[in-house]
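All of the numbers you see were taken from the coordinates with simple rules; none came from a lab. Everything numeric here is computed off the predicted structure, so don't read it as measured data. Every residue, glycine as well, gets a Cβ built from its backbone with ideal geometry; the counts of neighbours run over all protein chains shown.
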Amino acid sequence: GHTDHFFAGSAVGGGISQHSQGTAAATATVPLRGFICDRRSAHEPCEVCHLGFYCENETAMLPCPSAEFFCPVGSVTPVRVEQGFYSLPLATNHSRHYEEPCPEGFFCTNGVKTICPKGYYCGREMLTSPVPCGEEYLYCQEGSVRPQLAKEGWFTTGGTPSTRDGQVIAPMGFFATRGVLKQCSAGYFGSNLGQVTEECSGECDPGWYCPEGSQSPRQVACGSENVYCPKGSASPQQVQQGYYTTSQEEPCPPGTYREDETAGDVKPSPVTSFKPHRKCIRCPNGTFKYLPGDQASLCRECGPAAVNNFFRTSCDCHQSATDREVDPLIFDVLLGACFKKSQYTKPPDDHIPPSSQLTKTHEHPCELGHFCHLGVQYKCPRGSFGDRQKETYHQCSGLCEPGFFCEEGSPTPTQYACGGPDVYCPRGSSAPQYVREGYYTPENEEHKTTQILCPPGSYCREGLRIPCPASRFGSSSGQHDAHCDGVCEPGYFCPSDSTSSTQTPCGNSSVYCPEASATPIIVDQGYYSASDTNLPADFYSGPNSTHHKQVMCEIGYYCSGGIKYSCPAGTYGTVQGAHDASQCQECEAGYYCTSHPGPPTTNETRIECGKEDMFCPAGSDYPRQVDQGYFSINEYSQEIEDNSTAMTRTAQVISPKGWYAVGGVKRPCPAGTYGDTEGLSTRDCSGFCMIATFSSSPGTS
C-alpha cells in the first residue's frame, strides 16, 4: 500500500543500491550522500540513511521536516508529497516515509489527510479541498461523502447557508420546509414540533392576536378596549370612531376595581329612585391588577423588589440604570416576581379570560343614548341625551330640556317631567332638585325650570311663595317660615306682604298701633293715643301718625278722637277718662286755673289768686289786676276783707268816699285830708281840709 523510493549513485543525490546498504568500503575516501558514516569504525563504517530521515552528507542524518514531505530509506533530501496524497505513517511527523492517495470522506493538502469537515462533503479520492454542502435543504456531517437531504419539518443548522452540518426539528412557533426554518405566519400559531406549512397548527383564537412565531392560539391578548381581534388576527385592529367593543357595565379593566357603594362624589337623588353607576378606580399604590374584575382583592402587592406602574396593570422592578442597560429586569404578573430579561420568556396570555376588555373580537356601532370613546361604550351622562348612533361626543347630542330630567343613557331630551312645585329641573338636569328653603318655583311654569330667591315681604316653603302674614314683615330675601323677619314695630301696622317693620304709619291721633299690628285700632273715648319713645327724624310720618298705645285721659284733661286736651283755661279736671270739656269744673272764685301751654289744673293744683292787688272771680284762668281806686275782697268771706294778707280775693270794689285804694287795699284818707268822691287812689284823697277846719279820719268833706 505504499511506494518505496530508492535513490542510487549520483543519479539521486548519491544513494546506493539497497542491496549494498549496510556497509561501504572502509577505504572509500569520497563523501557519501544517502548514507551516514563513522570513519572511525573499521567494521561497517557507513550505513544507509534510515526511513523517515534524509542524509545530505555522511556526517548528519536529519528527520523528515513536515507532513508535506516523506523520506524513504536512503533519502538524500525530503520528497514533497503529491497533491491529493498524504504522507504516512501518521504516528509522528518525523517518521513519514511514504504517501498514499486521499480516500473519500477526506481531503489532502500539504501531505496531511483531513476528515471532511461539517458542512462539506468529500465525494472522491485525491481531493485537495472539501466541497461546500450546497443548498440550505442539504446538510453534511463530518466525513460526509455526499450531502444529505433535510426531512420535512426539519431545518438545517450550522455553518453558512451553503455549509449546513445538521438538521433539527422545527420548534414550536416555527415550521420548516426544504431545510429552512421560518416563523409561523402572523395570525397563526405553532403549538407542535415539526410543522411544515406557514399556517402551522392553525389560526389564532378570536380575542387574541398571534405575531410571527406564536406558539399558542392565545399568544397575546388583544389589548385595551380600543382594539379588537377577530379569529386569525396578526395584530389588533383599531376600533372605528363611533364604534365600541366594551360597555361600561362590564367588569373593571386591569389596574382598576369598582368603588364602594358609599364612595364617590355622585349621590343618589333624594327625589327619584336613580342609583348612580359606581366607577372603576385605580388600585392602591404598591399594587397591580392584570385581570378584569370588580373586586378590590384582585389588586395584588408588587412586593419589596418592585413598584406599581402608572396604570397599576403591572409593576416595575427596582434596578439601577447601569444594570438596566446590561440586562433589564422583567416583572412576571402571574408569579409576581422579577426575572432577568436574558433568562425570561414571556408565556402566552392564555390566562386572560375570553370576552374581557382585553380579548374583544368585534366592534359594534354606538347605540342611542350612548357615546363611544376608545372602544368603550358609555351611557350618555346624567342630564344629557343621545338621539344619534355612532356618537363620539362625551355630552352626546346635548343637554336635557329645562323642566325635564334625563338619567344615564337617555335617548330623548324630555325623558321625565320634573314634578310638582317643590322640585325644579334646569337645563341639563339629571334628577329633580328639591327647592331650597327660602326659594320658590315660578307660578306660571307647568314644568318647573328654576328656583327663585324668595322676595322681601314673602316666605317660601316647598316651592311656594306665600305673603308674610299681616302684623309681620319680611325685609330680607330668602325667608322660609311665617315668622318672616319679625313683627311690625309699635306705631306702625303691617298688612300682608309687608317688607318693612315700619311699613305703614299708624295714621292720625284717632288710632294707635301696638307692636305686631295688622291694622290701626281706634282710640277709645276718654283715651288718647301716645308713644313711649322719641323716634328719629327719618321715621317721622306726620303729626301723631305713629302712636302705639292709648292712655286713659288724666285728671285735668279730656280726650276726644284720640287727642288729649287740657281742661279749658278757667276750669280744672276732677276725674280720669273725661272725654268732653263739659266734664271740666269751673275754677272757684278766689283761685285761677291755668291751661295749655302750661299744665292743666286739677283740684289739687288750683292756684290761689295772690296778693291784695289781684282778684279772681269764678272761672278765672289768671289773676286780674285790681284797678286804681279799687280794692280786692272775698265776696264769700267777711274775714278776707279785713285781712290784708288773704290770698283768695274774688272781686274788686271801688273805694268809698273818705277812702282811697292803692295796690288793691282800701285805706282811709289821712287826717287833714278829705275824700268826697269814690275811687280815690292817692293818699291826698280829694285834698287838704280848709283852714280853721279839721277832719277826723276818714273825712268826706
Worksheet, complete the sentence: Taking placed amide H atoms and a strict 5 Å upper bound, the residues 5 or more places from V227 or on another chain that come that close are V239
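Please give the peptides 456-463, 154-161 ranked by average Cβ packing (other Cβ atoms within 10 Å per residue), highest first, as a rough proxy for protection. Could you put the intermediate results ahead of the total?
On the way: 456-463: 21.0, 154-161: 18.8.
Listed from highest to lowest mean packing, they are 456-463, 154-161.
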Worksheet entry | Percentage relative contact order, region 157-220, counting C-alpha pairs under 8 Å, at least six apart | 28 percent
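Restricting to DSSP H runs of at least four residues, report the calculated mean residue ellipticity at 222 nm for the chain, -39500 (n - 2.57) per run over all residues, nearest 500 deg cm²/dmol.
Numbers: 2 runs with 11 residues, N = 701.
My calculation for the chain gives -500 deg cm²/dmol from helical runs alone.
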Fill in: Residues with amide H under 5 Å from that of S681, placed H, sequence gap 5 or more
A661
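Calculate, in nm to one decimal, what E198 and N444 gain on full extension: separation in residues at 0.36 nm each, minus their alpha carbon distance. Before the final figure, lay out each step's value.
Working: separation 246, 0.36 × 246 = 88.56 nm, distance 7.71 nm.
In short, 80.8 nm is gained.
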Worksheet, complete the sentence: Residues whose built amide H sits under 5 Å from the amide H of Y121, excluding neighbours closer than 5 in sequence, are V131, C133
Fill in: Per-q log10 I(q)/I(0), the chain, q = 0.06, 0.11 Å⁻¹ (Debye; single scatterer per alpha-carbon; no solvent)
-0.79, -1.18
Item to complete: Obtain the nm distance between the two label points defined at T59 and E259 by a simple spin-label model: each point lies 7 Å from its Cα along the Cα-to-C-beta direction.
Response: 11.1 nm
Discussion item. So for the chain, averaging the separation of alpha carbon pairs under 8 Å that are six or more residues apart and normalising by length, what relative contact order in percent results?
Written reply: 4 percent
Practice prompt. Any chance you could tell me what percent of the C-alpha pair distances in region 625-688 go past 18 Å?
Written response: 32 percent
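Take the Cβ-Cβ distance between E515 and K279 as r, set R0 to 45 Å, and report the resulting FRET efficiency rounded to the nearest 0.05.
On the way: r = 58 Å, r/R0 = 1.29.
After rounding to 0.05, the efficiency reads 0.20.
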Worksheet item: Tell me, what ³J(HN,Hα) does each residue in region 592-603 have, in order and in whole Hz, if you take phi through Karplus 6.51 cos²θ - 1.76 cosθ + 1.60 with θ = phi - 60° and put x for Gly and Pro?
Response: 10, 10, 7, 8, 3, x, x, x, x, 10, 10, 4
Worksheet item: How far, in nm, would the chain grow between E604 and E586 when pulled straight, counting 0.36 nm per residue and subtracting the alpha carbon separation?
Response: 5.1 nm
Worksheet item: Given Cα pairs under 8 Å that are at least 6 residues apart, what percent is the relative contact order of region 40-169?
Response: 16 percent
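Pairs K118/K341; K118/K182; K182/K289: which exceed 31 Å Cα-Cα? The partial results should precede the final answer.
Values: K118/K341 33 Å; K118/K182 23 Å; K182/K289 36 Å.
Long pairs (Cα-Cα over 31 Å): K118/K341; K182/K289.
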Practice prompt. Grab the Cα-Cα distance for F688 and H351, subtract it from 0.36 nm times how many residues apart they are, and report the gain in nm with one decimal.
Written response: 105.1 nm
